[in-house]
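Contents: one structure, followed by commentary.
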Amino acid sequence: MNDVIEAGDRATPPFFFTEANLEAARVIIAKYPEGRQASAVMPLLDLAQRQNGGWLSQAAIQYVADFLEMPTIRVYEVATFYTMYNLEPVGRHHVQVCTNLSCWLRGSDAILRTCREHLGVHPGETSEDGLFTVSEVECLGACVNAPMMQIGDDYYEDLSPDAVRSILDDLKAGRTPTPGSRIGRRSSEPADMPDTDAVTGSGGPDGGP
Amino acid sequence: MPKLTINGQEVEVDPGLTVLQACELQGIEIPRFCYHERLSIAGNCRMCLVAMKGSPKPIASCAMPAAEGMVIETDNPEVHKMRKGVMEFLLINHPLDCPICDQGGECDLQDQAMAYGFDRGRYHENKRAVEDKYMGPLIKTIMTRCIHCTRCIRFASEVAGVPEIGAIGRGEHMEITTYLEHAMTSELSGNVIDLCPVGALTSRPYAFAARPWELRKTETIDVMDAVGSNIRVDSRGSEVLRVLPRINDDVNEEWISDKTRFACDGLRRQRLDRPYVRRQGRLQPASWDDAFAAVAERIKGTDGGRIAAIAGDLACAESMAALKDLMDALGSPNIDCRQDGAYLEGQPRAGYLFNSTLAGIEAADACLLIGTNPRIEAPVLNARIRKRYLAGGFAIGLIGEPADLTYGYEHVGTTAADVGRLMTGEHPFSERLRTADRPMLIVGMGALAGRDGAAVLAAARRIAEDFGMIDPAKPWNGFNVLHTAAARVGGLDLGLLPGAHGRDVRGILDGTMSGAIDVVYLLGADEIDMARLGKAFVIYQGHTGDAGAARADVILPGAAYTEKNALYVNTEGRVQAALRAVHPPGEAREDWAIIRALSSVLGKTLPYDNLDQLRARITDACPWMAAVDTVVAARWGRFGREGTLSDEALASTVGNFYLTNPVCRASVTMAECVAALSGRPSARTGTDG
């Protein structure tokens with residue numbers, strides 16, 4: 001849940017796009033008609049968030065507003081409206097555990113508990129080493145492979161507590177675990193289908209899954 | 001012209017109207033919170049639901065264009081049930097703290113709950129609570145009461161032109177705020193208080209001061225600027241508690257500036273409530289007789305040419321007429337109403353009026369601003385320019401100090417010489433004026449008060465004539481003078497200008513320095529350099545202890561604009577009648593009566609004994625003054641004095657918007673505004689609410 005924060009309390013270092021992001025921002029703005037650069041506010045906020053270590057500081061919001069010649073409050077409205085913009089610092093890995101209906105029915109409570117216990121933080125908190133922030137989020141659109149969580153840009157699906165522990169340990173050790181299903185599903189075929197090639201490759205008896 | 005059926009009655013309406021507007025034309029009232037005539041349509045409160053045949057769901061009438069063949073029902077049990085449902089939802093999170101709410105008694109939500117409210121709630125969860133936001137020293141917020149109509153957001157971004165209010169978060173967590181809770185930097189910010197349909201945004205200075213039903217309401221005229229905004233003064237006993245706008249589409253629409261609204265606490269402070277006479281160098285309380293005797297003693301035997309009078313910025317027409325008559329009777333040609341030394345001539349009238357009229361701004365298609373910053377000189381007029389600007393196809397040029405006017409403009413130049421360059425067509429903006437159908441220009445006091453005032457005025461006249469701004473056939477007169485003083489046009493109309501061989505303000509002050517002027521009569525004149533009055537005997541007639549009273553030798557306590565029946569002429573030349581809301585404090589008297597009484601002590605009794613006789617005399621001299629509330633088109637003529645246009649910068653004469661006259665300088669609220677907007681951290685205490 002994206003709670004409105006008291007942004008006024010946080011003194012932040014100045015923010016400027018890097019050379020590369022400046023170029024990326026120009027490419028994004030060029031997609032829109034002249035004078036409509038405000039349409040680029042969401043991708044630019046995303047760009048700023050990535051550059052800023054996963055969250056939007058006051059300085060970043062102000063910078064994007066100035067960059068797009070928008071009133072700051074308009075940019076702030078967007079940043080507070082969407083839950084994927086973080087208005088507070090997050091750890092290097094932002095672990096977002098879906099606890100919506102499908103994932104919940106498939107055991108997301110255990111997944112969240114595992115994250116909590118393994119990292120020693122409650123949802124919304126950042127671990128002491130600054131590596132992990134755990135959040136509880138609403139549906140991320142991967143219900144067919146529930147339960148799932150998102151870390152950074154990657155989805156980890158068909159999770160079990162053990163799988164979660166190994167993913168987190170990998171991240172802690174600086175490795176990047178392979179995203180996707182933990183039970184070998186390629187897509188969203190039935191979980192108990194032994195050979196997925198039989199379905200996706202040669203097709204079923206009537207020529208389709 | 002779409003034809004539709006509303007409640008069984010067939011009606012034909014102009015295309016482009018909404019269903020709600022069509023219903024209003026039929027006299028059918030549709031409840032609403034978010035919809036407002038002068039703001040864009042949001043359609044988010046859902047209170048205006050009506051039933052439309054063929055639509056399975058009710059429609060929001062404020063956002064639905066009236067179309068051919070629609071069948072609308074606004075008043076059947078089904079519609080009532082829908083509205084009751086909406087009301088129940090609105091009240092889920094509303095605190096219902098009406099007994100301690102300042103909006104109580106004049107609250108849209110309260111009123112409409114009378115019609116559509118449910119007498120008990122079915123919601124048993126916790127209500128949401130929202131932290132109050134800081135929006136500056138004028139607006140008190142209790143955001144738990146907010147129903148998210150977004151009127152304040154739309155007003156700030158559309159009318160005021162300062163997009164500083166927004167809605168952050170979403171759904172139940174949506175909150176209205178300014179970015180990081182900065183004070184709103186608009187001269188029109190107080191209007192969000194009127195727009196707020198609930199008690200979320202209320203007046204901070206008026207907090208817990210009174211209930212609306214206790215107040216005596218007087219419809220009158222504002223004098224804080226030369227727009228002459230139509231206001232309602234709410235008073236209790238002898239105190240003016242608040243000022244609200246009245247709707248007048250020709251003048252202020254329904255907005256007023258923060259100065260108009262909030263300077264009224266200045267009317268309670270620093271008041272001159274009894275005459276004073278300076279004895280042994282100190283001002284001492286005196287009776288009227290003593291004060292008049294002191295004046296008479298000094299004036300009797302003084303040659304008229306050694307007496308001078310200056311009318312101030314808040315003077316009413318009656319007092320100025322009486323002052324002029326008195327000076328004539330004393331044989332003094334030294335009289336002036338142009339405290340700031342602006343070059344303005346008494347004839348022709350078109351040479352000092354806002355000829356296009358305020359509403360006429362919306363008909364113009366190009367505008368040149370010369371030496372003016374309308375945003376601080378006349379915020380309501382500036383909102384009108386912005387409105388025209390937003391409609392598109394309006395080229396605006398500025399010669400003067402660059403400033404944020406809330407709309408885009410081309411900065412043509414800064415100096416008087418730049419006016420000349422535009423006149424001769426050297427600047428490309430002159431082409432914009434030439435090709436416009438109804439071009440207009442606005443000359444501010446900043447252009448006329450300088451050394452080149454006369455030449456700038458002449459150049460402005462040339463521009464108006466050469467670029468097709470004067471076209472009696474259309475009819476169109478695009479030459480406009482934007483005054484900063486409510487009294488100015490009245491003073492010019494009544495001829496408060498130096499007579500033959502008379503001295504103007506500069507001359508008077510030179511005279512007092514050199515000893516050529518012995519007696520100066522200040523009628524509420526506080527904006528002159530008092531140090532330059534030298535050794536002159538100064539009579540100050542006014543209502544607030546400011547610079548003039550501090551320098552005076554005799555103080556004659558007068559009435560403020562809320563305390564007298566008086567005529568004011570706004571910058572358009574529109575004569576408007578102010579009505580007395582409260583009595584002047586103590587021994588203070590109406591200004592014309594003071595001058596009339598003094599005249600008989602001086603043995604020059606003026607020929608009127610009551611206000612009607614005085615007004616008859618005024619309308620004899622100025623027939624247009626009889627036409628109250630209307631603008632009489634003025635005849636064009638020659639004015640200004642052609643001369644060299646130097647490199648003198650044309651800057652607005654208004655330094656600080658909040659401190660332009662004695663009343664607002666006495667106002668605590670205005671002082672708080674100055675402190676808050678000058679960047680100093682605002683004082684927030686536990687009692688701020």
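Of all residues in region B:352-367, none satisfies being under 30 Å from B:Ser430 (Cβ atoms), without any contact (Cβ under 8 Å) to a residue 40 or more places away in the chain and hydrophobic (A, V, I, L, M, F, W, C).
Of the strands (runs of 3 or more DSSP E) entirely within region B:230-349, those holding at least 1 residues that are basic (Lys, Arg) occupy B:230-236, B:239-245, B:276-279, B:282-285. Search region B:437-452 for residues being over 14 Å from B:His483 (Cα atoms) and under 25 Å from the mean Cα position of the chain (by Cα), and hand back the single one that is most open to solvent (accessible area, probe 1.4 Å). Applying the filter and picking the extreme gives B:Gly450.
Residues in region B:215-229 that are closer than 13 Å to B:Leu244 by Cα and part of a loop (DSSP other than H, G, I, E, B): B:Leu215, B:Asp222, B:Ser229.
Pairs, please: C-beta under 9 Å, at least 6 apart or cross-chain, first residue more than 16 Å from B:Gly495 (Cα to Cα) and in region B:611-622, second loosely packed, with under 13 Cβ neighbours inside 10 Å? From region B:611-622, the pairs are B:Gln613/B:Pro607.
Looking only at residues of region B:581-628 that are of a type in the set (Ser, Thr, Tyr) and in contact with a helix residue (DSSP H, G or I) (Cβ under 6 Å, 6 or more places away or on another chain), we find that the one that is most open to solvent (accessible area, probe 1.4 Å) is B:Thr605. Considering region B:357-371, the residues that are open to solvent by less than 10 Å² (accessible area, probe 1.4 Å) and part of a loop (DSSP other than H, G, I, E, B) include one that is farthest from B:Ser157 (Cα to Cα), namely B:Gly371.
Could you tell me whether A:Pro71 is free of Cβ contacts under 8 Å to residues at least 12 places away in the same chain, surrounded by fewer than 20 Cβ atoms within 10 Å (Cβ to Cβ) and either away from chain B (no Cβ under 14 Å) or closer than 30 Å to A:Arg36 by Cβ (or both)? Here the answer is yes, as A:Pro71 does meet what is asked. Can you name every residue in region B:12-23 that is in contact with a Lys or Arg (Cβ under 8 Å, 6 or more places away or on another chain) and surrounded by fewer than 19 Cβ atoms within 10 Å (Cβ to Cβ)? Within region B:12-23, B:Glu12 is the sole residue that qualifies.
Please determine whether any residue of region A:165-177 is loosely packed, with under 14 Cβ neighbours inside 10 Å, farther than 21 Å from A:Pro89 by Cβ and among the β-branched types (Val, Ile, Thr). Within region A:165-177 (the criterion being loosely packed, with under 14 Cβ neighbours inside 10 Å, farther than 21 Å from A:Pro89 by Cβ and among the β-branched types (Val, Ile, Thr)), the answer is yes, since at least one residue qualifies. Among residues belonging to region B:33-79 that are among the acidic types (Asp, Glu) and not in a loop (DSSP other than H, G, I, E, B), point out the one that is least open to solvent (accessible area, probe 1.4 Å). If we take residues in region B:33-79 being among the acidic types (Asp, Glu) and not in a loop (DSSP other than H, G, I, E, B), then B:Glu73 is least open to solvent (accessible area, probe 1.4 Å). Within region A:27-37, does at least one residue satisfy the condition of being within 16 Å of A:Val90 (Cβ to Cβ), modelled with pLDDT under 95, surrounded by fewer than 17 Cβ atoms within 10 Å (Cβ to Cβ) and within 14 Å of chain B (Cβ to nearest Cβ)? No, because not a single residue in region A:27-37 is within 16 Å of A:Val90 (Cβ to Cβ), modelled with pLDDT under 95, surrounded by fewer than 17 Cβ atoms within 10 Å (Cβ to Cβ) and within 14 Å of chain B (Cβ to nearest Cβ). B:Asp97 fulfils the conditions (1) exposed (fewer than 14 other Cβ atoms within 10 Å of the Cβ); (2) within 14 Å of chain A (Cβ to nearest Cβ) except for a single criterion, (2).
Evaluating B:Ala417 against the criteria (1) open to solvent by 10 Å² or more (accessible area, probe 1.4 Å); (2) in a helix (DSSP H, G or I); (3) under 30 Å from A:Gly35 (Cα atoms) leaves one unmet condition, (3).
Within region B:421-442, the set of residues being part of a loop (DSSP other than H, G, I, E, B) and basic (Lys, Arg) comprises just one member, B:Arg438.
Among the residues of region B:516-535, those that are open to solvent by 20 Å² or more (accessible area, probe 1.4 Å), more than 15 Å from B:Val295 (Cα to Cα) and not small (Gly, Ala, Ser) comprise B:Glu527, B:Asp529, B:Met530, B:Arg532, B:Lys535. Restricted to region A:77-112, and to residues there that are more than 14 Å from chain B (Cβ to nearest Cβ) and open to solvent by less than 20 Å² (accessible area, probe 1.4 Å), the residue that is nearest to the chain's Cα centre (by Cα) is A:Val95.
The values are calculated or read from the model by the stated rules, or taken from the named source; none is laboratory data. Nothing here was measured: the structure is a model prediction, and the numbers come from that model. Counting neighbours? That spans all protein chains shown, and the Cβs are built from the backbone with ideal geometry, glycine included. Accessible surface is based on the protein model in full, side chains and every heavy atom, while ligands, DNA and RNA are left aside. Shrake-Rupley method; radii C 1.70, N 1.55, O 1.52, S 1.80 Å.
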